[in-house]
Amino acid sequence: MDKIVIQGGKPLFGDVQISGAKNAALPILASTLLTEGENTFHNIPDLMDIKTIKKLLKSMGVQIDGNETCKVSAEKITSCDAPYDLVKTMRASVLVLGPLVARMGVARVSLPGGCAIGARPVNLHIKALQEMGAHVELNNGYIEAKAKKLKGADIYFDIQTVTGTENVMMAATLAEGTTVLNNAAREPEVVNLANVLKGMGAKISGAGTDTIIIEGVTSLKPTEAEIIPDRIEAGTFMIAAGMTRGEINVIGCNPHHLEALINKLRDTGMKISPIKGGLKVSSGEKINSVDVKTLPYPGFPTDLQAQMMAYMSIGSGLSVISETVFENRFMHVSELLRMGADIVIQGGNAIVRGVPMLHGAQTMATDLRASASLILAALAAEGTTEISRVYHIDRGYQAIEKKFSALGADIKRMTQ
């Protein structure tokens, strides 16, 4: 098992190229189950989660060729099963449910796994499919769904759900009649998927708002599209510039997707300005402590909460970080405490008192974004930090140690 070893205290300078968004690529790859013929997608990131969904799709008879540019053909679907062994490490695997039921009339999908950051139940997916006429049962850890033909329906999500919105939107493209998704997720990744589906011939309006309308069609055709840049990876490197007192050009990001973070980082004293193809991000004279509350898009993203907490741990005052999206996303706190952070948990809030310096320690990653927060803390810390269980980081960051090394970090991946 690999670990990452970091000698901290080096300011980061230079350019970093942002990879394609994992959370956009996963549903877009799943959407190929809706079409016959060869789809072509560009800017696919090289990540463990991408490898997992490719393996899952191949097990269903889907032909896949290429990496960053990927050709995907679901001409013949030979299996409608998503077995536990293939989906246990990744919650996004449930995204094959909607497309399979819509095109094949049947799906058997294992209840998904992934990061242990809360329940993230799939009941909203199931309820929506039932409202569209599917018969759905839970048997021995599997979602089993059947429908001769899905029917359009007026769907209301009790809470905003990104994968739920994506799953039902995909299912609705081949349903009979019109489906309306109320309280739909507004994330850029949802919009990216909607645009890909429209390229396939789907009739979708309202993506990017909380009401999405899908008029079902009889069939979809292959398309060619590009995956949007990963706003969470971009945000991680932006925070790294502030934490290490450096200056980084974040190339290939979309500033419009990062407005909540940009506003918050400017409040901490960081300087952020547009450049050709991205953003120039540099540290301020001091780190002003700010309060952070995670919210669905366009609010502050929960996937940057851990990184922001690492940043605030060396702030100049008191910060309150409130997690409203996932109920169990403070597991990185115990590891930051090992590095000298002063953090107290009170329900869904973390009270962070900034300390002058973090110190290297042996730490363990508990989930994907916690891994990123520990890397940021280690880059800013005095001394050496070892981070074990870094397989989490490979699920969502492409070659993160190489990218940080190119910016001047003393960071190495080692086999334990």
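Laboratory data are not the source of any read-out in this text; all were calculated from the coordinates shown. These figures come from a predicted structure and were not determined experimentally. Heads up, the Cβs are rebuilt from the backbone with ideal geometry, glycines too, and the neighbour counts pull from every protein chain shown.
Using Cα pairs closer than 8 Å and at least 6 residues apart in sequence, work out the relative contact order for the chain, in percent.
Rounded, it is 21 percent for the chain.
Taking the alpha carbon gyration tensor of the range 192-289, what are the square roots of 5 times its eigenvalues, largest first, to the nearest whole Å?
37, 14, 8
I want to make sure I understand the PRE zone here: with the label point 7 angstrom from the Cα of K55 toward its beta carbon, which residues in the range 149-189 have backbone N atoms less than 19 Å away?
Of the residues in the range 149-189, none has backbone N under 19 Å from the label point off K55.
Please name which of S405, I375, F157 has its Cα lying farthest along the dipole of the chain towards the positive end, using unit charges on Cβ (Lys, Arg +1; Asp, Glu -1) and the Cα centre as origin.
Result: S405, furthest along the dipole toward the positive end.
Rounded to the nearest 500 deg cm²/dmol, what is the calculated helix-only ellipticity per residue at 222 nm for the chain, with -39500 (n - 2.57) per DSSP H run of length n ≥ 4?
So the calculated ellipticity at 222 nm is -8500 deg cm²/dmol.
Just to be sure I understand the rule: take each whole DSSP H helix in the chain, project its Cα atoms onto its long axis, keep it if the span is 15 Å or more and its mean Kyte-Doolittle hydropathy is at least 1.6. Which ones pass?
Those that pass (Cα extent of 15 Å or more, hydropathy at least 1.6) are 368-380.
Among the aspartates and glutamates, which have Cα under 20 Å from the Cα of K55 when same-chain residues fewer than 8 positions away are ignored?
E36, E38, D46, D65, E68, E75, D81, D85, D394
So what are the radius of gyration and Dmax for the Cα set of the range 25-226, in Å?
15.0, 39
Grab the Cα-Cα distance for H42 and I345, subtract it from 0.36 nm times how many residues apart they are, and report the gain in nm with one decimal.
Length difference between fully extended and current span is 104.9 nm.
Residues in the range 124-158 near a label at T178, defined as backbone nitrogen under 14 Å from the 7 Å Cα→Cβ point?
It comes to 152-155, nothing else.
Where does each of 85-93, 17-25 land if you order them by average Cβ count within 10 Å, highest first?
Most protected by this proxy first, the peptides run 17-25, 85-93.
Each label point is 7 Å from the Cα along the Cα-to-Cβ direction; what then is the distance between the points at T384 and D65, in nm?
4.8
Please list, in chain and number order, the residues 5+ apart from E176 or on another chain whose amide H is under 5 Å from its amide H, with Hs placed from the backbone.
Distant-sequence amide H within range of E176: L150, K151, G152.
Pull out a ≥ b ≥ c, the square roots of the eigenvalues of the alpha-carbon gyration tensor of the range 244-355, then state rounded if a/c is under 1.5, prolate if not and a/b is larger than b/c, and oblate in the remaining case.
Since a/c reaches 1.5 but b/c is at least a/b, the shape of the range 244-355 is classed as oblate.
For V320 and T78, calculate 0.36 nm times their separation in residues minus their Cα-Cα distance, and state this gained length in nm to one decimal.
82.0 nm
Calculate, in whole percent, how much of the Cα-Cα pair population of the range 1-126 lies beyond 24 Å.
For the range 1-126, the share of Cα pairs beyond 24 Å comes to 35 percent.
With each pseudo-label sitting 7 Å past Cα toward Cβ, what's the N123-D85 distance in nm, one decimal?
Computed distance between label sites N123 and D85 equals 3.2 nm.
Would you mind checking K54/K412; K54/K276; K286/K403; K221/K276; K71/K293 for any pair whose Cα atoms are more than 30 angstrom apart?
K54/K276; K221/K276; K71/K293
Which option, (1) 38, 27, 25; (2) 39, 27, 19; (3) 38, 21, 20, is the value of semi-axes √(5λ) of the Cα gyration tensor in Å that was calculated from these coordinates?
Only one listed value fits the structure, namely (3).
Could you give each residue of the range 71-79 its phi-based ³J(HN,Hα) in whole Hz, using Karplus coefficients 6.51, -1.76, 1.60 with θ = phi - 60°, and x for Gly or Pro?
Going residue by residue, I get 9, 10, 10, 10, 4, 10, 9, 9, 8 Hz, with x marking Gly and Pro.
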